[in-house]
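Encoded as structure tokens, the structure appears first; notes follow it.
The values are calculated or read from the model by the stated rules, or taken from the named source; none is laboratory data. All values reported here derive from a predicted model rather than from experimental measurement. Ideal geometry is used to build each Cβ from the backbone, glycine not excepted, and the neighbour counts take in all protein chains shown.
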Ligand SMILES: [Zn+2]
Ligand SMILES: [Zn+2]
């Protein structure tokens, strides 16, 4: 099968990998319908993480081709959405709602690689969710968004306890931040402050439910949030960047007793002084999003056309042109790139 391979940082090629097949009785093999490039794929692209002929991709929707003998919830012909983390669905951590930290878990980016024509998904019952039927073409981008960015933005808003009467501030205007705005709106937040300097992203944030835009960053950004909230800070803050500056911006934008949904992936070297965190007196909850927990609800909201997260894709390319997609995301000329098969 054809697959996206990162030969070295910054070097994307379309290579060939063996067609996947059922190995374990809990596996499913999917023919992928759409996949995409993630902000986290830019880490190896920019040489921050290693890349050496690495298969890429962890977001996916597809049609089940074949299942192992123990799989009960999906069958050949089903259209499915899967999480970016493989999860068994039965261990104590999965049962508690944290499939992204499943004791049998693995990252799809590491062991599967879904920027490809097909994928073998272990623990199909614990990882995949079938849609009610074959989706209309225009729903596919939204269903694909549920696989990671929507699920992650949703978790961030949930962890930040966005809801009625709450003011939510969103640090980060990438795909996850925008999905956090959508999620906060859907959860009934009263006021949603999107922090962005990028006109196109500001526009989409407003469309998704932002009530205010703040262009300042760092300490100036946090000061602006305080100013907009009577000096107190937001009740709920979504951190969707993962740098030291953005994390501190989030902490300093939160009122005492408030909640931070922390989903920006922090890379080596990001540290927060413990005393700063201690005296902020805020709740901090985050990590890799337990997307599988939210998938049934998110699929239904998309199916009913209540939400339209697919608008976050602003460039669509065939898989064969993936290199252009990586370049566009690296140069920030695209927010998120959908790859068709
Ligand atoms: Zn992703
Ligand atoms: Zn598990």
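Odds and ends about this structure:
- Leading residue by the ranking (farthest from the chain's Cα centre (by Cα)) among those in region 103-123 that are surrounded by 19 or more Cβ atoms within 10 Å (Cβ to Cβ), away from ligand 1 (no atom under 15 Å from the Cβ) and more than 16 Å from residue 19 (Cα to Cα): 123
- Search result, residues across region 317-331 that are in contact with a strand residue (DSSP E or B) (Cβ under 8 Å, 6 or more places away or on another chain) and touching a residue at least 60 places away in the same chain (Cβ under 8 Å): 319, 320, 322, 323, 325, 326, 329
- Looking across region 16-57 at every residue that is assigned to a strand (DSSP E or B) and out of contact with any helix residue (DSSP H, G or I) (no Cβ under 8 Å at 6 or more places or on another chain), the one that is farthest from ligand 1 (Cβ to nearest atom) is identified as 16.
- Residue 73 being surrounded by fewer than 17 Cβ atoms within 10 Å (Cβ to Cβ), closer than 16 Å to residue 295 by Cα, within 16 Å of ligand 2 (Cβ to nearest atom) and in the same structural domain as residue 324 (by the TED database): yes
- The residues of region 184-203 that are under 27 Å from residue 331 (Cα atoms) and within 17 Å of the chain's Cα centre (by Cα) amount to a single one, 201.
- Test result for residue 80, more than 16 Å from ligand 1 (Cβ to nearest atom), within 29 Å of residue 45 (Cβ to Cβ), in a strand (DSSP E or B) and at pLDDT 95 or above: yes
- Unmet requirement for residue 157, which otherwise passes all of (1) within 25 Å of residue 2 (Cβ to Cβ); (2) surrounded by 23 or more Cβ atoms within 10 Å (Cβ to Cβ); (3) in contact with a helix residue (DSSP H, G or I) (Cβ under 7 Å, 6 or more places away or on another chain): (1)
- Extreme residue, farthest from the chain's Cα centre (by Cα), among residues of region 83-101 that are part of a loop (DSSP other than H, G, I, E, B) and within 16 Å of ligand 1 (Cβ to nearest atom): 87
- Among the candidates 178, 232, residue that is touching a helix residue (DSSP H, G or I) at 6+ places or on another chain (Cβ under 9 Å) and in contact (Cβ under 8 Å) with a residue 40 or more places away in the chain: 178
- Residues that are under 21 Å from residue 63 (Cα atoms) and part of a loop (DSSP other than H, G, I, E, B), drawn from region 102-119: 112, 113, 114, 115, 117
- From 274, 210, residue being surrounded by 15 or more Cβ atoms within 10 Å (Cβ to Cβ) and in the same structural domain as residue 159 (by the TED database): 210
- Qualifying residue in region 126-149 (condition: more than 20 Å from the chain's Cα centre (by Cα), under 14 Å from residue 28 (Cα atoms) and touching a residue at least 60 places away in the same chain (Cβ under 8 Å)): no
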